[in-house]
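*Asks:* What follows is a structure written as structure tokens; I'll ask about it next.
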Amino acid sequence: MVKAHIQTKDLNLWFGKKHVLQDVSISVYDKKITALIGPSGCGKSTLLRSFNRMNDLIPEAKITGKVMLSDQDIYASKNDISTIRSQVGMVFQRPNPFPKSIYKNVAFGLEIRGEKKSIINEVVEKSLKSAWLWDEVKDRLNDSAFSLSGGQQQRLCIARALANDPEIILFDEPTSALDPQSTAKIEELCIELRNQVTILIVTHNIAQAGRISDYTAFMYLGELMEFGETKKVFTVPENKKTEAYLNGVFG
Ligand SMILES: Nc1ncnc2c1ncn2[C@@H]1O[C@H](COP(=O)(O)OP(=O)(O)OP(=O)(O)O)[C@@H](O)[C@H]1O
Ligand SMILES: [Mg+2]
């Protein structure tokens, strides 16, 4: 049986008066890839950000309902936000490496936690290997992260997320700024990473959702309209809106 890794119950979110997430109840399954699709402005990024309390940074955001990370309610006040953020990593649309060396980008979180140098070296190598970047950078670890190509920078951001040993990685349109080859590489990497982490990926690329995801969630105007196995959602969607979206009737 598949186990829910993140589960929301009647999640509602407002930015001021604007009701952006409406009664969203969704399960993101353990060690699976879930694609989150839907037209621009429907609330995909907001939903993603509610999974590691990133919306807390926006003063006018108000949230009700529950977000369970395994059996911990992440909005229960005793939980430490930095622990949650290390459990739930995030990779954004535009690669956003720090203005530091390749090595320092991956080592950053561990250095803050005061890890021993020998451990940091090990984790940096392992994370860069897992992000399929090691061979391309092993002789230039002290070069600036900005000397890498866009696709390499995105894999560096994935390595940086992996260095914190997350349980879940949230990807918000990670390939929309990349060329087809870099995109293919990130897609293959996601499939490989599914063996070790749970993945939730927002994408506007329907074909990509079809290629890599096990489950698909379709959102429309702040509501979760449909959720199910990708095979099923793509072939026999239950909701007319899902069908229209998949057929490119609106975007
Ligand atoms: N900080 C904010 N303050 C006020 N409104 C916001 C804020 N962030 C997002 N919104 C609004 O919330 C709604 C959902 O935005 P969100 O970014 O989650 O959409 P999305 O589905 O990710 O869209 P896209 O596909 O274009 O990235 C939009 O109407 C947006 O304008
Ligand atoms: Mg978005």
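*Asks:* Going by average Cβ density within 10 Å per residue, which order do the peptides 226-232, 99-105 take, highest to lowest?
*Replies:* Highest-to-lowest ranking by the protection proxy: 99-105, 226-232.
*Asks:* Aspartates and glutamates near LYS44 by alpha-carbon distance under 17 Å, same-chain residues fewer than 8 away left out - which ones?
*Replies:* Hits, sequence-local ones excluded: ASP10, ASP23, ASP56, ASP172, GLU173, GLU223, GLU226.
*Asks:* Sticking with this structure for a sec: Please express the shape of the range 4-246 as an equivalent ellipsoid: the semi-axes are the square roots of 5 times the eigenvalues of the C-alpha gyration tensor, given largest first in whole angstrom.
*Replies:* Over the Cα atoms of the range 4-246, the semi-axes work out to 30, 22, 15 Å.
*Asks:* Mean separation of Cα pairs under 8 Å and 6+ residues apart, divided by the residue count of the chain: what relative contact order is that in percent?
*Replies:* About 27 percent, as a whole number.
*Asks:* Right, another one. In whole Å, what is the distance between the alpha-carbon centres of the range 1-78 and the range 164-217?
*Replies:* Using only Cα atoms, the two centres lie 18 Å from each other.
*Asks:* To make sure I understand the rule: partners must be lysines, Cα under 22 Å from the Cα of LYS185, and not fewer than 8 residues away in the same chain. Which ones qualify?
*Replies:* LYS31, LYS32, LYS126, LYS129, LYS138
*Asks:* Would you mind calculating the gained length between GLU188 and LYS231 on full extension (0.36 nm times residue separation, minus the Cα-Cα distance), in nm to one decimal?
*Replies:* 13.6 nm
*Asks:* Treating the angle as unsigned and between 0 and 90°, give the value, to the nearest 10°, between the Cα long axis of helix 150-163 and the longest Cα principal axis of the chain.
*Replies:* On a 0 to 90 degree scale, this one is about 90.
*Asks:* While we're on this one: Between the helical axis of 117-130 and the dominant principal axis of the chain, each derived from Cα atoms, what acute angle in degrees is found, rounded to the nearest 10?
*Replies:* 50 degrees
*Asks:* Would you mind checking the range 150-189 for residues with the amide N under 19 Å from a putative spin-label position 7 Å along Cα→C-beta of ASN79?
*Replies:* Within reach of a label on ASN79: 164-171.
*Asks:* How big is the charge dipole of the chain about its Cα centre, in debye rounded to the nearest 20, if each Lys and Arg gets +1 on its Cβ and each Asp and Glu gets -1 on its Cβ?
*Replies:* 320 debye
*Asks:* Sort PHE108, PHE171 by Cβ crowding within 10 Å, fewest neighbours at the top.
*Replies:* PHE108, PHE171
*Asks:* For LYS100 and LYS66, FRET efficiency with R0 = 35 Å and r from the beta-carbon atoms, rounded to 0.05?
*Replies:* For R0 = 35 Å, the calculated efficiency reads 0.40.
Since every read-out is calculated from the coordinates, none of them should be taken as a lab result. On a predicted model such as this, the values are computed, not experimentally measured, just so you know. Here the Cβ is made from the backbone with ideal geometry for all residues, glycine too, and neighbour counts use every protein chain on show.
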